[in-house]
Every structure is written in C-alpha cells, then in structure tokens.
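Colleague: First the structure, which I've put down as structure tokens, then a few questions once you've had a look.
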Amino acid sequence: MWLRGSPIIAASQAPRFGLPGLTVRGLASPNRGATEISVRRLTLEPGTPGVPHSLTREEVFVATSGRATATVNGERHPLTKGDALLVPAGTMFSLANDAEEPFEAVVAFPVRGQAVTDEGTFTPPWAQ
C-alpha cells in the first residue's frame, strides 16, 4: 500500500538540497512515502573536497557518471561509472571530486540512518 499518492516520484518533483560543491536530489524517503530505504541522486562538482564523516547505518553509492575518490578508513579508492561503494556503519569516509567533470551517483541509505560529524549526529534533510 502506498502511503502518499502515486508510487512514482518524478525527477521534476524531487526536492533539491545543496551544500558547497554538492547537489542532492531526494528521491525516496519517509517524507515521500518510503518506509525502509531512502534513495537520492548526488552531483559532486569538480574540485569539491571530501568531508570526513561516518554513518549509523550502511550506505551504498552507485556511480553513474564521472569519477571521484572515496577515502574509507584513511585509504583512498577511485570510484568511476558503474562502480559501487559500500560504506559500513561506523566507518569514517569521505567522497571528493578532483576530476574535471561532475561526479554523479545514486545513493541508498536505510531510513532512520544518521550522519555523524565533529559537529554531532543528525539526519540529513534528503533522508527525511
């Protein structure tokens, strides 16, 4: 049973969130009827540095275009189109784009998962 209207979340209706060098388009989340998994598309602009953080639940990134560098527990890993990045809960990581073109990915994160930074623990707005 769908909680809110149509089971389709049109790209044109997806809310946008922004941070310097990062654009997030929220697709599935509790505010849009999802009960288990939140999904978003992210675009990381060229030259955007990574922001180290961890999560209370695992997160999966699937690269759809461009390339980025994932730093997981201090180890750097290239991430390119078609690759998947699996980040276990409680693992320090960051995602940076040192390429000349934008990096894009689809990201899945369990509902009720939170981000943990030096500033505290919070639910990102695109996961609400």
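Colleague: Out of the range 80-107, which residues are part of a loop (DSSP other than H, G, I, E, B) and over 12 Å from residue 63 (Cα atoms)?
Modeller: Within the range 80-107, 88, 89, 90, 91, 92, 98, 99, 100, 101 meet the criteria.
Colleague: A further question on this structure: Inside the range 53-70, can you point out the residues that are in contact (Cβ under 8 Å) with a residue 40 or more places away in the chain and closer than 10 Å to residue 80 by Cβ?
Modeller: 63
Colleague: Considering only the range 8-52, how many residues are assigned to a loop (DSSP other than H, G, I, E, B), over 15 Å from residue 113 (Cβ atoms) and in contact (Cβ under 8 Å) with a residue 12 or more places away in the chain?
Modeller: Residues meeting the conditions: 13.
Colleague: Could you please find all residues in the range 69-128 being modelled with pLDDT of 95 or more and among the basic types (Lys, Arg)?
Modeller: 76, 81
Colleague: So, one more: So which residues in the range 111-121 are crowded, with 17+ Cβ neighbours inside 10 Å and out of contact with any helix residue (DSSP H, G or I) (no Cβ under 7 Å at 6 or more places or on another chain)?
Modeller: 115
Colleague: Only residues that are over 19 Å from residue 19 (Cβ atoms), of a type in the set (Ser, Thr, Tyr) and assigned to a strand (DSSP E or B): list them for the range 53-68, please.
Modeller: 64, 65 - these are the residues of the range 53-68 that are over 19 Å from residue 19 (Cβ atoms), of a type in the set (Ser, Thr, Tyr) and assigned to a strand (DSSP E or B).
The values are calculated or read from the model by the stated rules, or taken from the named source; none is laboratory data. This one's a predicted model, so the numbers in the text were calculated from it and none came from an experiment. Note that we place each Cβ from the backbone using ideal geometry, even for glycine, and neighbour counts take in every protein chain shown.
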